[in-house]
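Structure record follows, encoded as structure tokens.
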């Protein structure tokens with residue numbers, strides 16, 4: 001095998017690997033982008049839940065909860 005032919009085969013192999021890597025990188029980029037959107041939505045929901053919880057806590061009486069003060073359901 002001639003040196004030029006060996007170099008040509010090596011170049012073709014490298015080009016093939018590069019194309020595969022480019023495809024893999026693009027797939028990973030799409031997945032990261034999708035996950036970023038999901039995380040942002042989850043963060044927004046988490047903030048909303050926290051705000052609702054604070055609102056509910058502010059509406060509770062200042063008296064601490066004592067189970068002995070509660071009437072059973074049958075009364």
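Residues checked against (1) outside any helix (DSSP H, G or I); (2) surrounded by 10 or more Cβ atoms within 10 Å (Cβ to Cβ); (3) at pLDDT 95 or above; (4) on the phi < 0 side of the Ramachandran plot:
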{"position": "11", "(1), (2), (3), (4)": "no, yes, yes, yes"}
{"position": "41", "(1), (2), (3), (4)": "no, yes, yes, yes"}
{"position": "47", "(1), (2), (3), (4)": "no, yes, yes, yes"}
{"position": "55", "(1), (2), (3), (4)": "no, no, no, yes"}
{"position": "62", "(1), (2), (3), (4)": "yes, no, no, yes"}
{"position": "65", "(1), (2), (3), (4)": "yes, no, no, yes"}
{"position": "68", "(1), (2), (3), (4)": "no, no, no, yes"}
{"position": "74", "(1), (2), (3), (4)": "yes, no, no, yes"}
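Residue 16: at pLDDT 95 or above and more than 28 Å from the chain's Cα centre (by Cα), yes or no? Spelling it out, residue 16 is indeed at pLDDT 95 or above and more than 28 Å from the chain's Cα centre (by Cα).
The values are calculated or read from the model by the stated rules, or taken from the named source; none is laboratory data. Worth saying up front: this structure is predicted, and the values here are computed from it rather than measured. Here Cβ is always computed from backbone atoms with ideal geometry, including for glycine, and neighbour counts include all displayed protein chains.
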